[in-house]
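Each reported figure results from applying straightforward, stated rules to the coordinates on display, with no laboratory input. The structure presented is a predicted model; accordingly, all values stated were derived computationally and were not measured. All Cβ positions, glycine included, derive from the backbone under ideal geometry; neighbour counts span all protein chains shown.
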Ligand SMILES: Cc1cc2nc3c(=O)[nH]c(=O)nc-3n(C[C@H](O)[C@H](O)[C@H](O)COP(=O)(O)OP(=O)(O)OC[C@H]3O[C@@H](n4cnc5c(N)ncnc54)[C@H](O)[C@@H]3O)c2cc1C
C-alpha cells in the first residue's frame with residue numbers, strides 16, 4: 001500500500017457512487033483519503049442494472065413524489081424525498097458532464113424507461129448496466145483529482161472517537177494485515193449495504209454493514225435497521241454466493257411471472273414487497289423453490305438491445321431467455337435503514353457523516369421505489385461534501401489513540417460485529433411488531 005499521511009482533511013470510507021461523488025464535491029484544497037474494502041469495481045454501484053430516476057419535467061413532480069411515498073408505505077421523510085427529487089436534474093447534468101452515457105431516443109433526447117410502482121417512465125439507463133456506466137466515469141474523474149488518495153483493499157475496523165466526536169479511523173491493509181490509524185477533520189461513511197450478512201443476496205459479500213456495528217459500539221444513532229428490501233426476481237441457482245438480479249425494468253417492459261403450470265398469478269409492476277409476497281405465496285402453493293419469469297413478450301430484439309447482460313448471464317446458466325421462461329426467486333437486495341443522518345447527511349456524532357446505502361435519511365421509508373437509490377446516494381453524498389465545506393474547522397489537538405489489541409483477531413472482530421447487528425435488528429423488529 002502507498003505511504004499515507006498521518007492526517008487528512010476528510011476520510012471517505014467506500015468507493016461506490018456515494019464515496020466517489022462526495023470526493024468530487026469536496027473543495028479541491030482539502031486533502032482526501034478514500035478507501036475501499038476490496039478492489040474498486042467490487043461495490044454494488046457497479047451492479048446496478050435498471051437505471052437512475054430523474055425529474056424529467058416539473059409536471060411529473062407530484063406523481064414522482066407520490067410514487068416514492070406510496071412505495072415507502074408513507075413512512076418516508078417528506079423533506080428528504082423533496083430534496084432528492086428536486087436535486088435530480090442537476091445531478092444528472094453533472095453525471096453526463098463526467099461522461100455517463102444514457103440512452104437517447106430517435107430525436108437525440110434522453111430516453112426514459114419504467115419500473116415497478118412508477119406511474120410514469122422517468123428512469124434513465126445505459127443498457128442494463130447503468131451502475132457500471134455511472135461508477136466507472138465517476139472513478140475516472142476522481143483518479144484525476146490531485147487532492148484525493150484512493151486506496152483499495154483497505155478496511156475500516158473502527159473510528160477514533162472522544163466525547164461523541166469522530167477523529168478518524170482505525171484501518172487494516174488487507175494485503176499485509178498491518179493495522180494503522182489515520183486522523184481526519186471529517187469522516188464520511190459510504191460503506192454500502194448489508195447483503196453480506198445474508199445467505200441469499202444480490203449484494204457483494206464484503207458489504208457487511210460495518211458502519212452499523214461501529215455505530216452500536218460508539219452509541220451513534222441508527223434508524224430502521226429492520227427495513228430490508230427483498231428483490232422479487234433473482235436468477236434461481238443452487239450455487240453459493242451472490243445472486244444475479246433480473247432487473248425490475250424487465251417486468252416494467254412487459255415480462256410475465258408464471259406459476260409452475262405457466263399461468264400468470266400477479267400484477268408484475270406492483271411495488272417490490274407486494275410482488276415478493278405474491279411470489280412467496282405462489283411458491284408455497286406450488287411446493288416449488290422458484291417461480292418463472294417469461295421475457296418472451298418483450299421480443300428477442302428488445303431483450304438483446306436493452307438487456308444484453310441479463311441475456312448473456314442467463315445463457316451462461318443454461319437458459320435462453322429469448323426462447324424460454326427463466327427460474328427466479330426473491331433475495332435480499334437493499335437496505336432502507338442505516339446510520340441515522342439529517343438532511344445534510346450528518347450523523348449524531350460530531351465530524352461524522354454518512355451517505356448512500358449505509359445511511360438512513362428516510363427517503364425510502366419502509367420500502368424503496370425502484371431506481372431511487374443511485375440518485376439518493378449521489379444527492380446526499382453531495383450534501384455531505386457541501387456541508388463539510390461550509391462547516392470546516394480543525395480537529396481539537398487533544399486526540400484519542402487506538403488500542404490495537406482490540407483488533408488483533410479480525411475474523412473474531414467481524415463475527416462479533418455481525419452478531420451485534422443481527423441482535424439489534426431483531427430487537428428493533430420485535431419493538432415494531
Ligand atoms: C444487483 C443490484 C442492482 C441494482 N440496481 C439498481 C438500479 O438499477 N438503480 C438504483 O438506483 N439502484 C440499484 N441498486 C442499488 C444501488 O446499486 C446501491 O444502493 C448503491 O449503488 C449504493 O451505493 P453506495 O455508494 O452507498 O455503496 P456501494 O456502491 O456498495 O459501495 C460501498 C463501498 O464501501 C466499501 N466498504 C464497505 N465497508 C467498508 C469498510 N469497513 N472499510 C472500507 N470500505 C468499506 C466497499 O468496499 C465499497 O467500495 C442495485 C443494487 C444491486 C446489488
Highest mean first, how do 351-361, 42-52 rank when packing is the count of other Cβ atoms within 10 Å averaged over residues?
351-361, 42-52
So for each of 243-254, 157-168, 193-204, 293-304 I average, over its residues, the number of other beta carbons within 10 Å; can you give me the resulting order with the highest mean first?
243-254, 193-204, 157-168, 293-304
How would you rank 83, 310, 96, 134, going from fewest to most other Cβ atoms within 10 Å of each one's own Cβ?
96, 83, 310, 134
Residue 423-residue 176 FRET efficiency (beta carbon distance; Förster radius 25 Å; 0.05 resolution)
0.15
Can you classify segment 172-240 as rounded, prolate or oblate using the Cα gyration tensor, where a ≥ b ≥ c are the square roots of its eigenvalues, rounded means a/c under 1.5, and otherwise it's prolate if a/b beats b/c and oblate if not?
oblate
Spin-label pair residue 96/residue 162, simplified geometry with 7 Å Cα→Cβ offset, distance in nm
4.9
With just the Cα atoms defining each centre, how far is segment 207-223 from segment 45-70? Give it in Å.
29
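Helix-only mean residue ellipticity at 222 nm, the chain, DSSP H runs n ≥ 4 weighted -39,500 (n - 2.57), per residue, nearest 500. What is it? Can you show the working numbers first?
On the way: 11 runs with 141 residues, N = 433.
Dividing the helical sum by the residues of the chain leaves -10500 deg cm²/dmol.
Could you tell me the calculated FRET efficiency between residue 431 and residue 277, based on Cβ-Cβ distance and R0 = 22 angstrom, to the nearest 0.05? Mind dumping the intermediate values first?
Numbers: r = 22 Å, r/R0 = 1.02.
So the FRET efficiency works out to roughly 0.45.
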Mind pulling the angle between the C-alpha long axis of helix 272-286 and the longest principal axis of the chain? Nearest 10 degrees, somewhere in 0 to 90.
50
Computed label-point distance, nm, for sites residue 29 and residue 5 using a 7 Å Cα→Cβ extension:
1.4
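Determine the shape class of the chain: with a ≥ b ≥ c the square roots of the Cα gyration tensor eigenvalues, call it rounded for a/c under 1.5, and otherwise prolate if a/b is greater than b/c, oblate otherwise.
Cα axes put the chain in the prolate bin.
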Does anything in segment 390-433 have its amide N under 15 Å from the 7 Å Cα→Cβ label point of residue 216, and if so which residues?
412-431
Could you tell me the calculated FRET efficiency between residue 78 and residue 304, based on Cβ-Cβ distance and R0 = 56 angstrom, to the nearest 0.05?
0.85
Cα-based helix-to-principal-axis angle, 373-391 vs the chain, degrees rounded to 10
20
What is the extension gain from residue 239 to residue 315, computed as 0.36 nm multiplied by their sequence separation minus the C-alpha to C-alpha distance, in nm to one decimal?
25.8 nm
Extension gain residue 399-residue 62, at 0.36 nm per residue separation less the Cα-Cα distance, in nm?
116.4 nm
Label points 7 Å out from Cα along the Cβ direction at residue 284 and residue 106: separation in nm?
4.8
